[in-house]
Structures are given as C-alpha cells and as structure tokens.
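The values are calculated or read from the model by the stated rules, or taken from the named source; none is laboratory data. What you are looking at is a predicted structure, and each value in this text was computed from that prediction instead of being measured. All Cβ positions, glycine included, derive from the backbone under ideal geometry; neighbour counts span all protein chains shown. Side chains are part of the model used for accessible areas, which takes the heavy atoms of the whole protein and leaves out ligands, DNA and RNA. Shrake-Rupley method; radii C 1.70, N 1.55, O 1.52, S 1.80 Å.
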Amino acid sequence: MSDVRHVLVLPDRDAAEEVAGELSDRFGVTEEPQLVRDALAGEDDAEDAQWLVVVEDPSARLDSAALDAFAAEYEGWLEAP
C-alpha cells in the first residue's frame, strides 16, 4: 500500500499555521505537516496566495471527510486526491 498524502488548502498563512498546530491534537498526526505557499496563477500580489498544509498519512488512517470538515472551519478545504 502506498503512502497517503492529504493536502488541505487554506486561505492564508495564519489559518495554515493554526491548522498545522491543531492536527496533532485533533487527529493524532505525529509527523510535522508541511506548509507550502501556493501563489494563484497569474497573481502577483502575495496576499492572494493560498497556503497548503501537506499531511503525510503512511498508515492511511485519517478520515478525508473529517479533514475536509476541519479545514472548512478555517474557510479551507481538503484537496481531492
């Protein structure tokens, strides 16, 4: 079975950092999530960047629906694989 990677898309860095911090408390994520700035195509303004929180899930135990609902609390969503 291959490793599963979940990508949460958040509206800004603050939300991404909060989500990354909450993942271990709420979902028991042990690996530090990666934060990645994702500039929208054609946007020069840094304020228009989304932030991605990449969560490695080697044992595929995280529930996608729960992650999506969690991201929604921060006005984000779970990227479909």
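Can you tell me which residues in the range 44-63 are open to solvent by 60 Å² or more (accessible area, probe 1.4 Å) and either under 17 Å from Glu79 (Cα atoms) or modelled with pLDDT of 90 or more (or both)?
Answer for the range 44-63, where residues must be open to solvent by 60 Å² or more (accessible area, probe 1.4 Å) and either under 17 Å from Glu79 (Cα atoms) or modelled with pLDDT of 90 or more (or both): Arg61, Asp63.
Filter the range 25-39 for residues that are in a strand (DSSP E or B) and either open to solvent by less than 90 Å² (accessible area, probe 1.4 Å) or farther than 17 Å from Val4 by Cβ (or both) and give the result.
Result: Leu35, Val36, Arg37, Asp38.
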